[in-house]
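> Got a structure for you, written out below as structure tokens; questions coming shortly.
Just so it is clear, none of the values below were taken in a lab; they were calculated from the coordinates. Not measured: the values here are computed from a predicted model. No Cβ is skipped: glycine too gets one built from the backbone with ideal geometry, and neighbour counts run over all protein chains shown.
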Amino acid sequence: MTKEFAHLKVYDGIFKGYDRTRNMSLTKVKTKWALVLDADELLEPASFDAVEKDKRVLGENAVGFNFAIQDILPDEPFQFRSARYSGLHNPRLFDTCKGFKYGIIGRCEWLFDSELIKPIKNMDNIYTIRKSAPIVHFMPGVDGRNLKFSNWYSPISRLISEGVSPAQIEGFCKWKKLNRYRNNYPS
């Protein structure tokens, strides 16, 4: 992809947990705002104008934004879940100048203030981007979701403490299998 996108840089590192991996990636950011997406997610190009408009309308005090999440399921016939707001998740777009860092609570990584004291999702100046600009999430089929739950989420605390990456887990190829509807969306 670096041939197509000259500004793109790819960094590789040893997986030592999601929080450390995400924090390493934040050290590479050179812009005021960071948009964090997982490998099975995208923000459609048509949504960028809506995001910019919401940023302008919501004001200069914003430190982060939540998005609606649109789940795309691969099961027959073509299905999707209606967009749901991700207020229970980390803000996906946030001000990098604030020094936010990822830390772990339970089995999940959360974005915290610079001292790792308060998750930023609890801050007053986190806003929600309109539903017309959702993050599209390509989910695995039922079998893949079940494998992910039993092989990754159930033993996650032990696995993270041992520095095990998801790719090392039995069944990973099935629960990370490319959703057949992914190619219907521009990147």
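> At 0.36 nm per residue, minus the direct Cα-Cα distance, what do Glu170 and Arg56 gain on full extension? Give it in nm, one decimal, please. Before the final figure, lay out the partial values.
On the way: separation 114, 0.36 × 114 = 41.04 nm, distance 4.54 nm.
Using 0.36 nm per residue and subtracting the Cα-Cα distance, I get 36.5 nm.
> Additional query: I'd like the Karplus ³J(HN,Hα) series for the stretch 6-22: coefficients 6.51, -1.76, 1.60, θ = phi - 60°, whole numbers in Hz, and an x wherever there's a Gly or Pro.
Per-residue couplings from phi come out as 4, 7, 6, 10, 10, 10, 10, x, 7, 5, 10, x, 4, 4, 5, 5, 5 Hz.
> With the chain treated as a Gaussian network of Cα nodes joined by springs under 10 Å, which of Lys174, Lys131, Lys32 yields the largest mean-square fluctuation?
Comparing Lys174, Lys131, Lys32 in the GNM, the peak value goes to Lys32.
> So how much slack lies between Asn122 and Cys108, counting 0.36 nm per residue of separation and subtracting their Cα-Cα distance, in nm? Present the calculation step by step, with values, prior to reporting the outcome.
On the way: separation 14, 0.36 × 14 = 5.04 nm, distance 1.57 nm.
Length gained, Asn122 through Cys108: 3.5 nm.
> With the crude spin-label approximation of a point 7 Å out along Cα→Cβ, what separation in nm comes out for Lys9 versus Asp75?
Here the answer is 4.3 nm between the modelled labels.
> Towards the positive end of the charge dipole of the chain, with charges on Cβ (+1 Lys, Arg; -1 Asp, Glu), say which of Asn151, Leu8, His89 has the farthest Cα.
Selected residue: Leu8.
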